[in-house]
Structures are given as structure tokens and as C-alpha cells.
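The values are calculated or read from the model by the stated rules, or taken from the named source; none is laboratory data. None of these values were measured; they are calculated from a predicted model. Cβ coordinates were reconstructed from backbone atoms using ideal geometry, including for glycine residues, and neighbour counts include every protein chain displayed.
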Amino acid sequence: MVMTPEVLTLSETPWLFTGVMLGKIIVAFVATLLIVAYATYAERKIIGRMQTRMGPNMTGPKGLLQPIADGLKLFFKEDIIPSQSHWFAFILAPMMILAPAFVSIAVVPFGGDLQFTYDGTLYAVPMQITDLNIGLLFIVAMAGLGVYGIVLAGLASNSKYALLGGIRSTAQMISYELAVGLSVVAIFMLSETLSLRGIVAVQQLPLWGSDSLSFLPNWYIFTQPLAFCLFVVGSMAEINRTPFDLPEAETELVSGFCTEYSAMKYALFFMAEYANMITVSAVTTTLFLGGWGGPFWGWINFLIKVFAFMFFFIWIRATFPRLRYDQLMYLGWKIMLPLALVNIVITGIAILLW
Amino acid sequence: MLETYLPILVVIGIAFAFALGSVVLSRLIGVKKPSEVKLAPYECGMPIIGSAQERFSIKFYIVAMLFILFDIEAVFLYPWAVMFKRLGIFGFVEMGVFVVILLVGFVYVWKKGALEWE
């Protein structure tokens, strides 16, 4: 006898629901923290190798304990709050940056359904913290919240370098948020849903719904190559990765908006940067690369794609020089924004003619 | 409703608790040897000139204003895009009119030179 699995609800099985929810959150949170820690290691190691250096190799075997040593070091450093700063905003800023970076992970599906039996009933649990029906809107909103942290950090430090870094960063992030926000519109026109789980489900159909191409999955990277490029470039700018790392251009602005920060508060900025990188990789994977679909178990496919993307970001950092500020604004407003609009129009015409 | 948003609240709580916890902990166990010079804003070791609470270039305000306009457009496009296949040709033309009106403004801003950055 085949049982149809039950879905956990808060009203019928409150304790089981809460337990499963907390379990999923803790697993996702710890996994993200671990990936953040080892993304810093991977970045240093890979860039080191690309520049024919060794990278960290003294702490532990092959330098594997380096992220832990770095974290501990920052814990024991002096926590400086500059005398001219607005202390409350100064302390709030790093938290305002870190929290949205972690919260975005909550709506990304990292696997199919997990089934288990409890008390004789079969339950199906989606491998996703929560499936919002406005999933992508939520992620865009969280990306917007991250800007507040940077503005606060720049203003509260009351230091010229921090202020310049903060303003630059804000202008950059909001400019590229437009291109990113508009590039995903074409995806919704095809998927007819904002839920990330729904978008993954659509991408598991055969390509363009035709049987002759059934060996290829319906990943949106094939249907929407332009949107994919705009999204990747735009999100790279939005998370301040090289070649768009003007907010912390060391040669001009010391360290940009985090110049005055030290100890764990600096570490939070650092972690937020890598957490954002994970979020962006995960969202790109979900939107364009079929999410957890693929030959292996769901979450393994997902992690492979996410890691591949993170490697790509690191590779870009080792390859490209930093843009000039006017080039950055030119690219964002005069190239990517019109292209995103054109892409929507082309998609619209294509859907209507099909 | 609560079922889908409760996990989000919990995640926000955990993320803030983690951030606050690590900041407080490092404040407690870190070294504390403040001095007047150390607590001054960093200006490459030079004596500080003036305050950082100054006015800054108008360019940034213009970018922020343009952002609000186009972001509203983007938000307006989201529900339309989800319903696109059901709205058909009517929806396409309607949104086309809206986007063209915005585009006229965009071209005006472009020609006025608000997007130039010297």
C-alpha cells in the first residue's frame, strides 16, 4: 500500500512542525556559517594558486584551520568605537548587514522532499526553510535592506573614508539593483510564479516543452541567456565583489565603509560579504540553473552548482581589474538597465507569438 | 500565513542574536586600552581636518531619485509578469504604454546629462 505523505501544519502537529522547522533552520544556518568560513579559505587558496603563491598553508594541515584561527584572532582584538562616532548606529550597522544576508537563504530551496514516518504517519518535508509565494520579492527586499547597513556604517563612523565608501557603495548598489530587479521579470513571465520552489519545478520539465529536446532540462539559462548575464553581473556589483569593489577600493579609500571597524564588528562585515556571495550563488542556481535538479541527490546537485558559482566569482576576482567609478555608472544605467527592458519586451513578444 | 512566515521570523531572530552575541562577546573578552589618538577617526595618521558630516555631491541624490522611480516600475512589473500569459496581448500593450512613458523620462534624463559622471 502506497501512502500519500502528509504535510506538516502548525495547527494539527504543532510540536513536530516546530521541531522540524528549528532543525531545518539550524542545519541551514550552520551550513552557511561553515561555507562562509571555508569560502574565505578557498578564496585565499585559489587566488594564491592563480598568482603562483601558496596561499595559507601553515595553520593546520594545508592551512585548513586558517579561518578558525582568523575568527579567534578577531574575537580577542580590541573593539574600538571612535570617539566622534554615533555609537548606537555604529554598533547596529554590521548587524544590519549580516542579518539580511543570512535571512535570504531561508527562501531558497536546497532539495526535494524529505520523507519520514513519525507515529505511523508518513510526512513529507520540503528541503527549504520556508516556501514563500513571493520568494524572489523577499530576496530583492533583503538585498535592499543590506544597503541600510552600509549607509549606517558610512555615516555613523564620522570618518571621511568611511563616508565616501558608504555613499559610493549605496549609489552602486541601488543602480545595479534596478538591472537585477528588471532582469528577473523575464523569468516570472515564463514561470508564472514568484515562489522559488515553483520556479525550480518549472525548470525540471523538458526544454521548451518539446519532446525532441527532452535530454536537456528547461533551465532558464537556455531560455534567458541575456537575463542570466545581466543577473550575474548585476549581483556581482550588488555584493561589491571585484571588479565592482569600489566601496572598499584599498588604493583610494583605505577600506571604505568599514575603515573604522575592528574586532568582531569587522568580522561581521567580512562574513556578510561571503554570506551574500553564497546567497547570490544560491539564487542564481535556483533561477537559472534548475536549482536542485540534476543527476545526484537534490542537495548535492545544489551545492555543486553553488560552489561552481562561487569559484567563478573568485576566478573573476583574480582576473579583472577594478572599474573606474564613471565606467561603473555608465555600465549600470546606460547598458544594463536598457538591456533589461529590451529583454522583457523580447520575452513578451516571444511568448505572445509562440 | 503564520506557517510560512514564522520560520522567517525565527531566522531573523537567530541571525540578529548571532550578530549581537559575537559583538558583545568580543567586547567582553577583547583587550581595552583606549587612548585619545586611537579613538580618533582614521586619516592616514595625519591630524584630522574638519568633520565628515559635510554635504556631498548632488550626483548621489539624483541617482537615488532615479532609483526610486525605476524601482517602483520594477515592483509594478512583478505582478504583471506573473500574470503575463493570462493577460495576453492586452496586458502587453498596456504595460508597453506604461514603460514607454517611463522611457521618455529616462531619455530626457540621459540627454540632460544626469547620468554622466565626471
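Quick notes on this one:
- Evaluating B:Tyr5 against the criteria (1) more than 7 Å from every other protein chain (Cβ to nearest Cβ); (2) farther than 21 Å from A:Gly144 by Cβ leaves one unmet condition, (2).
- Identity of the residue in the range B:1-47, surrounded by 14 or more Cβ atoms within 10 Å (Cβ to Cβ) and of a type in the set (D, E, K, R), that ends up nearest to the chain's Cα centre (by Cα): B:Glu43
Table: residues versus (1) of a type in the set (Ser, Thr, Tyr); (2) at pLDDT 85 or above; (3) more than 18 Å from the chain's Cα centre (by Cα); (4) buried (at least 17 other Cβ atoms within 10 Å of the Cβ).
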{"residue": "B:Ser51", "(1), (2), (3), (4)": "yes, no, yes, no"}
{"residue": "B:Glu54", "(1), (2), (3), (4)": "no, no, yes, no"}
{"residue": "B:Leu69", "(1), (2), (3), (4)": "no, no, no, no"}
{"residue": "B:Pro79", "(1), (2), (3), (4)": "no, yes, yes, no"}
{"residue": "B:Arg86", "(1), (2), (3), (4)": "no, no, yes, no"}
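- Entry remark, the range A:91-144: residues being small (Gly, Ala, Ser) and either free of Cβ contacts under 8 Å to residues at least 60 places away in the same chain or over 18 Å from A:Thr285 (Cβ atoms) (or both) number 6 in total.
- Taking the range A:263-354 as the region of interest, the helices (runs of 4 or more DSSP H) fully inside it that hold 3 or more residues being surrounded by fewer than 16 Cβ atoms within 10 Å (Cβ to Cβ) and of a type outside the set (Asp, Glu) are A:298-319, A:337-353.
- With respect to being surrounded by fewer than 18 Cβ atoms within 10 Å (Cβ to Cβ), over 23 Å from A:Ile278 (Cβ atoms) and among the small types (Gly, Ala, Ser), A:Gly23 falls outside the description.
- Residue in the range A:67-76 that is closer than 24 Å to A:Cys258 by Cβ, of a type outside the set (Lys, Arg) and assigned to a loop (DSSP other than H, G, I, E, B) present: yes
- All positions within the range A:151-171 that are in a helix (DSSP H, G or I) and either free of Cβ contacts under 8 Å to residues at least 24 places away in the same chain or closer than 18 Å to A:Trp87 by Cβ (or both): A:Val151, A:Leu152, A:Ala153, A:Gly154, A:Leu155, A:Ala156, A:Lys160, A:Ala162, A:Leu163, A:Gly166, A:Ile167, A:Thr170
- Selected residue [within 7 Å of chain B (Cβ to nearest Cβ), over 30 Å from B:Gln53 (Cα atoms) and crowded, with 19+ Cβ neighbours inside 10 Å] from A:Ile129, A:Ile91: A:Ile129
Residue by residue, here is whether (1) outside any loop (DSSP other than H, G, I, E, B); (2) touching a residue at least 12 places away in the same chain (Cβ under 8 Å); (3) more than 7 Å from chain A (Cβ to nearest Cβ); (4) among the polar types (S, T, N, Q) holds:
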{"residue": "B:Leu20", "(1), (2), (3), (4)": "yes, no, no, no"}
{"residue": "B:Ser35", "(1), (2), (3), (4)": "no, no, yes, yes"}
{"residue": "B:Tyr42", "(1), (2), (3), (4)": "no, no, no, no"}
{"residue": "B:Met65", "(1), (2), (3), (4)": "yes, no, yes, no"}
{"residue": "B:Asp71", "(1), (2), (3), (4)": "yes, no, no, no"}
{"residue": "B:Trp80", "(1), (2), (3), (4)": "yes, yes, yes, no"}
{"residue": "B:Ile89", "(1), (2), (3), (4)": "yes, no, no, no"}
{"residue": "B:Gly105", "(1), (2), (3), (4)": "yes, yes, yes, no"}
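- Options A:Gly165, A:Gly146, A:Gly154; residue that is more than 17 Å from the chain's Cα centre (by Cα), more than 10 Å from chain B (Cβ to nearest Cβ), within 23 Å of A:Lys265 (Cα to Cα) and at pLDDT below 85: A:Gly165
- Scanning the range A:334-352 turns up no residue that is modelled with pLDDT under 85 and under 14 Å from the mean Cα position of the chain (by Cα).
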